[in-house]
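J.: Before anything else, here's the structure in question.
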Amino acid sequence: MRSIVWFRGKDLRVADHGPLAEAVASGEVIPLFVLDPYFFAPERARELPHRMQFLLDSLRALEANLAYLGSRLLVVPGRSVEVVPRLAAQWKADQVLAHRWVEPFGRERDRRVGEALGRDGIAFRLFEGETLLPPGSVRNGQGAMFRVFTPFGRAAGAKLDLGPALSAPRALPPLPDGPAFETVPIPTMEDLGLALNADLQAGGEKAGRDRLKAFVKGPIGNYGVDRDRMDRPGTSRISADLKFGTLSVLTVWQAAWAAEAGEGGRRFLNELLWREFSHHLLWEWPELLEKPFRADFGAFPWRMDAAAWQAWTEGRTGYPVVDAAARQLRAEGFVHNRARMVAASFLTKHLLLDYRLGEAHYLRWLTDGDWAQNSSGWQWSAGCGCDAQPWFRIFNPTAQGQRFDPKGVYVKRWVPELADCPTAFIHEPWKQPRGQRTRRDYPDPIVDHALARERFLATAKGHLGQGPA
Ligand SMILES: Cc1cc2nc3c(=O)[nH]c(=O)nc-3n(C[C@H](O)[C@H](O)[C@H](O)COP(=O)(O)OP(=O)(O)OC[C@H]3O[C@@H](n4cnc5c(N)ncnc54)[C@H](O)[C@@H]3O)c2cc1C
């Protein structure tokens, strides 16, 4: 049996890789990665510079790991829907094995590839692994997808009967004799017209494993408290590893479970179930990438305000946590979860700007930018998503800062203009008496919190035709 193992950017690893393990067990193995212009055309790559850097790191690590095991990664440019069927026929493969994606465009790609392969009598087998449970498999008593996280989490937890993660193969067979294999070098950031960002996390399977190990050795124990603290390194920072599959979610789940970390461990596993929920939602409702879950939020009267948008993206709104989030995003392709929530709430509620603007901006700059999680994070924050934060709950960015960054450590790291601001004013620098102002070139708030809150509530009530419960 000759198998092509088609690595596709969400499974860049050799451990716990179902398609690779299956191919090894059944005979000859041809590892393939396609440089599809959907992502790799320079004008497309420019839309995801941080994700591209992490992906290229991870691809190089995968290439090295496969070589170490005795095989070789073949890298071929072209549209997947054409390249994969062409190569499978040319290389006389019996089957193509890959991991399934939940995104609608990935599903459509796979439908077309499967059809084309089928015409040549070549099998196309998709493996689970992106999520802990197959999307679509967690249903309520009526057989429908849950619309609320807590019962979903409970039902998913009850269904989980997870075996151990698969080990990496000990060795791989060399590429089979016969076919004339084509391959090109993995492109560099420079080839794609992108600048390297030295402050980004390094990609690759080993880097991911090291991050996971460090987390389950220590921070996981206090995760229940520290996960909300913007001033502490209390979370795992493995989101990009999960996104690009340098770690499988099963590996992460099992490592956290084995750590026996009490309440911290339980909270962490619960976050993995939130990840699960967002993927299952997107599987059920592919249109979530385009429109709000709540139909009554359709045609919501979002404002147009170029100056407010610019202030939010550049981190110059005058609200320190919101600005720190904007700058962290651009600087290191990451934003603390609490800061993401505050910044997203501010954009949609204080500024009344369409959540889809923020969603696209985050997807552009986040290293962990993931369609399912980013879309559900934004819809949750705007109040229009499935089991979202109620629309009439509006984060007070000052109070959030005071509570979750009490000394302003997070703010001072990302907003150097406030480096000398006393702790008492760090989250409301405009209150510092005029004669004593230490902030340098930092703006006053672009909106007043109380007025902006009232404006959002009045607008939302007007549109939704109801008040808070
Ligand atoms: C507006 C907004 C946008 C977001 N966009 C993304 C995104 O594009 N990609 C992404 O991976 N996460 C996104 N999140 C969720 C969350 O912010 C990140 O997963 C988390 O900050 C990543 O840091 P970590 O790996 O240290 O997380 P940890 O706290 O260590 O959590 C472990 C893992 O659990 C999952 N997770 C944690 N929190 C959530 C959550 N609220 N929802 C879903 N999964 C979660 C992630 O996969 C994360 O890596 C978004 C949240 C918001 C509010």
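Taken together, the values in this text are just the output of simple stated rules run on the coordinates, not laboratory data. Please read all numbers here as calculations on a predicted model, not as lab measurements. When we count neighbours, we look across all protein chains shown, and the Cβ atoms used for this are built from the backbone with ideal geometry, even at glycine.
J.: Going by Cα centres, the stretch 313-390 and the stretch 154-180 are how many Å apart?
T.: Between the Cα centre of the stretch 313-390 and that of the stretch 154-180, the gap is 35 Å.
J.: Another question, then. With θ set to phi - 60°, apply the Karplus curve 6.51 cos²θ - 1.76 cosθ + 1.60 along the stretch 75-82 and write out the HN-Hα couplings as whole Hz, x wherever there is a Gly or Pro.
T.: For the stretch 75-82, the Karplus curve yields 10, 10, x, x, 6, 3, 5, 9 Hz.
J.: Let's see if you can work this out: charge +1 on each Lys and Arg Cβ, -1 on each Asp and Glu Cβ, no other charges. What is the dipole magnitude of the stretch 2-127 about its Cα centre, in debye to the nearest 20?
T.: 140
J.: Could I ask something else about it? Taking 7 Å along the Cα-to-C-beta vector as the label spot, tell me the ARG86-TRP285 distance in nanometres, rounded to one decimal.
T.: Distance between label points: 4.0 nm.
J.: Here's something else I'd like to know. Specify, per residue and in Å³, the volume enclosed by the convex hull of the alpha carbon atoms belonging to the stretch 2-127.
T.: Taking only Cα atoms, the stretch 2-127 has a hull volume of 99 Å³ per residue.
J.: Under the rule of at least 5 residues apart or a separate chain, name every residue whose amide H is placed under 5 Å from the amide H of LEU35.
T.: VAL76, GLY78
J.: With the calculation restricted to Cα positions, what are the radius of gyration and Dmax of the stretch 295-462 in angstrom?
T.: Looking at the stretch 295-462, its Cα Rg and Dmax stand at 15.5, 51 Å.
J.: Quick one: what are the phi-derived ³J(HN,Hα) couplings along the stretch 242-256, Karplus 6.51/-1.76/1.60 with θ = phi - 60°, whole Hz, x for glycine and proline?
T.: 5, 5, 9, x, 6, 10, 7, 5, 5, 4, 5, 4, 5, 5, 5
J.: Return the lysines within reach of LYS291: Cα separation strictly under 21 angstrom, same-chain partners fewer than 8 residues apart disregarded; answer none if there are no such residues.
T.: LYS349, LYS461
J.: Going down the list LYS10/LYS206; LYS407/LYS431; LYS159/LYS213, which pairs span over 20 Å between their C-alpha atoms? Intermediate results must be reported in sequence, preceding the final value.
T.: Numbers: LYS10/LYS206 16 Å; LYS407/LYS431 16 Å; LYS159/LYS213 27 Å.
In this structure, LYS159/LYS213 lie more than 20 Å apart at Cα.
J.: Cα centroids of the stretch 245-287 and the stretch 69-148: how far apart, whole angstrom?
T.: Centre-to-centre distance over Cα atoms comes out at 22 Å.
J.: Here's something else I'd like to know. For the chain, state the semi-axes of the equivalent ellipsoid (square roots of 5 times the eigenvalues of the alpha-carbon gyration tensor), sorted largest first and rounded to whole angstrom.
T.: Computed over the chain, the values are 41, 24, 22 Å.
J.: While we're on this one: Could you derive backbone 3J(HN,Hα) for the stretch 157-162 from the dihedral phi with the Karplus parameters 6.51, -1.76 and 1.60 (θ = phi - 60°), listing whole Hz in sequence and x where the residue is Gly or Pro?
T.: Rounded to whole hertz, the list is x, 5, 7, 5, 9, 8.
J.: Suppose every K and R has +1 on its Cβ and every D and E has -1 on its Cβ; what is the size of the dipole of the chain about the Cα centre, in Debye to the nearest 20?
T.: Charge dipole of the chain: 1000 debye, to the nearest 20.
J.: Same structure, new question: Please report the orientation-averaged projected area of the stretch 170-298, defined via the convex hull of its C-alpha atoms, in nm².
T.: On the way: hull surface 54.8 nm².
The Cα convex hull of the stretch 170-298, projected and averaged over all directions, gives 13.7 nm².
J.: Between GLY408, TRP365, LEU329, whose Cα lies farthest towards the positive end of the dipole of the stretch 295-462 when Lys and Arg beta carbons carry +1 and Asp and Glu beta carbons carry -1, centred on the Cα centre?
T.: GLY408
J.: Run the dipole for the stretch 295-462 about the Cα centre, Lys and Arg Cβ at +1, Asp and Glu Cβ at -1, nothing else charged, and hand back the magnitude in debye, nearest 20.
T.: Its charge dipole is roughly 440 debye.
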